[in-house]
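Engineer: Take this structure first; my questions come after.
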Amino acid sequence: MPIRKVWRESRWRFFFILAALLVVASASVFYNAKAEKVVIESKDFHEAGMRTIRGALFLFWGFSAMFLGLGGFLRERAVGTVDYTLSLPVSRTRWFLYRSLIGAFQSMAAALIPALAIPVIAAVSGGDYPVGDAFLLGLRLGFGGMLFYSVGLLASTLFAGDYTSAGIGMAVVFAINNSTRVNSG
Amino acid sequence: MKAVVETRDLTKRFGNNYALSGLTMTVPRGHIVGFLGRNGSGKTTTIKILLDVIRRTSGEATILGEPTGSFAIRRRIGFLGEDKRLYSYMTVREIIAFTRAFFPTWRMETETRLLADFELPLSRKVRALSKGMRTKLGLLLNLSRHSELLILDEPSEGLDPVMTEQMLQNLVRQAADGTTIFFSSHQVAEVEQIADHIIAIEKGRVILEGSLDDLRQKFQRINLVFDDPPPPEAFKRAGVDRVIVRGRTISILASSNVDDITALGPILAAKSVDVQSVGLKELFLEKVKGDHANS
């Protein structure tokens, strides 16, 4: 039952983010026809990581993952339902655990589904994009980007308002993105 | 007297303000306990500390014999908050099913009866319910649990008189079934209507505590009329809680020793002496005034 509640409270945010990322992924294929640019060719982890955290998809995904981390008790306090939630026989730790796990699964799904959609979109537009590469891209986005999800989770634990949490989270994501940008030349 | 809630020297500070200043009280098992106080007197803060929604600054508090932080006791208690906020995205049917799953003591017959009594629309979203309907739903969710203790924070706030009456009758029925009811209110009339035990607080401290019958027996109003009233200090003795001079009349609120105080009338040349029982409203107002005079 707690899992059902957490899912119900986050599902529209998840579906919206998924749809937005699919639009971003489609746009990158249709309008730039350069989807290959985000393929990770290098086997070197550091270089692969640095290359992964470039590009519109990753930036969008970073913000999205951060948004998936929002919610929780402070938000419930703001909307007035926290008293009811805390009167149920579930510890705060378990509520947090359920929220963290579902958010992590949603983040991973939000990374994998748009990445795996790229080969399909590429085929529709007459191009070719290997499914294996797309899967690898999705996994790297998902695992590497857990950092951004954690930022959202932390922000929602520290700040009550959705706008405050989102604003601070976005600033952190933007800062991380800028600080990890590497010179290609 | 077995207690379901006990606090000792409970304090809660918000910045420089004390919401609770050494609150010591006992909620006896098997009673309907009215938790009376003005707005801002500390009732909601006390309840939130008992439910571990907020943390106390100092002092001790136990609920059903367990420390307030124990989440296991939540299976044994029900709670209806002041604003009756519930999950707006769920339908009435969904939130009933959701809540039912947490409580093994859930009574389907109570759920069915209250659904019929309250005429709740099962397929309507909680966000589309009026405050009165939300209160009914909140009551159903709590009364059906059949918990040992039901805590309600200003349950009649925002309700019309008919709905208030319906709610009070349901609380009485639940208490008859063995549940201890602890409800806060600033409406003396509704407390007096159903409560058999009173705890009144002011500025985060208990100013009145005991069974309603005992309080009614214990406190008496003694009115003495004089041609030339003596100074109030003449009545300073055990049992005198408050002395008020109104023209030629001296009105004394006594908590004990009534016979001795009454006997002062003839000694001090009173023209008449009249002893009256004191209603809860008057008693509460006197205690609040007395607290302000002392502080």
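Since every read-out is calculated from the coordinates, none of them should be taken as a lab result. The structure displayed is predicted, hence computed values, not measured ones. Note that each Cβ is placed from the backbone with ideal geometry, even for glycine, and that neighbours are counted across all protein chains shown.
Engineer: Could you give the nm distance between label points at A:PHE15 and B:ASP227, where each point is 7 Å from its Cα heading toward the beta carbon?
Structural biologist: Result for the modelled spin labels: 9.0 nm.
Engineer: A:LEU154 versus B:THR105, label points 7 Å from Cα toward the beta carbon: distance in nm?
Structural biologist: So the label points at A:LEU154 and B:THR105 sit 4.3 nm apart.
Engineer: A further question on this structure: Please compute the average number of Cβ atoms from other chains found within 10 Å of each residue's Cβ in peptide A:1-9. It would help to have the intermediate numbers written out before the result.
Structural biologist: Numbers: counts 6, 3, 0, 5, 6, 0, 0, 5, 3.
That average works out to 3.
Engineer: Under a crude label model (7 Å from the Cα following the beta-carbon direction), how far is B:ARG216 from B:ARG246 in nanometres?
Structural biologist: It works out to 2.2 nm between the two label points.
Engineer: Ok, one more. Using 10 Å bins from zero, what percent of all Cα-Cα pairs in the protein assembly as shown falls into each bin?
Structural biologist: For the protein assembly as shown, the pair-distance distribution reads 4, 16, 20, 17, 14, 11, 8, 4, 3, 2, 1, 0.
Engineer: Ok, one more. Between their Cα atoms, which of B:LYS43/B:LYS289; B:LYS2/B:LYS289; B:LYS12/B:LYS203; B:LYS12/B:LYS84; B:LYS43/B:LYS125; B:LYS218/B:LYS287 are more than 20 Å away from each other?
Structural biologist: On the way: B:LYS43/B:LYS289 18 Å; B:LYS2/B:LYS289 32 Å; B:LYS12/B:LYS203 11 Å; B:LYS12/B:LYS84 24 Å; B:LYS43/B:LYS125 30 Å; B:LYS218/B:LYS287 14 Å.
Pairs exceeding 20 Å: B:LYS2/B:LYS289; B:LYS12/B:LYS84; B:LYS43/B:LYS125.
Engineer: If you average the C-alpha positions of the stretch B:63-135 and of the stretch B:266-280 separately, how far apart do those two centres end up, in angstrom?
Structural biologist: 51 Å
Engineer: Determine the relative contact order of chain B: mean sequence separation of Cα pairs under 8 Å and six or more apart, normalised by residue count, in whole percent.
Structural biologist: On the way: 549 pairs, mean separation 59.5, N = 295.
Relative contact order comes out at 20 percent.
Engineer: Which of the listed residues, B:GLY59, B:GLY40, A:PHE174, is farthest toward the dipole's positive end in the protein assembly as shown, when Lys, Arg count +1 and Asp, Glu count -1 at the beta-carbon?
Structural biologist: A:PHE174
Engineer: Which whole number of Å³ per residue matches the convex hull of the alpha-carbon atoms in chain B? Write out the running numbers ahead of the final one.
Structural biologist: Details: hull volume 43.2 nm³, N = 295.
Hull volume normalised by residue count: 146 Å³.
Engineer: Also, quick follow-up: Can you give me the pair-distance distribution of the stretch B:146-295, C-alpha pairs, 5 Å bins, whole percents?
Structural biologist: Result returned by the calculation: 2, 8, 17, 17, 15, 12, 9, 8, 6, 4, 2, 0, 0.
Engineer: Here's something else I'd like to know. Tell me the angle of helix B:108-118 to the major Cα principal axis of chain B, expressed in degrees between 0 and 90 and rounded to the nearest ten.
Structural biologist: 70 degrees
Engineer: Using a 10 Å cut-off around each Cβ of peptide A:84-95, what is the average number of partner chain Cβ atoms that fall inside? Don't skip to the answer; put the middle values down first.
Structural biologist: Working: counts 12, 4, 8, 16, 9, 10, 4, 5, 3, 1, 1, 0.
Counting Cβ atoms of other protein chains within 10 Å of each residue's Cβ and averaging gives 6.
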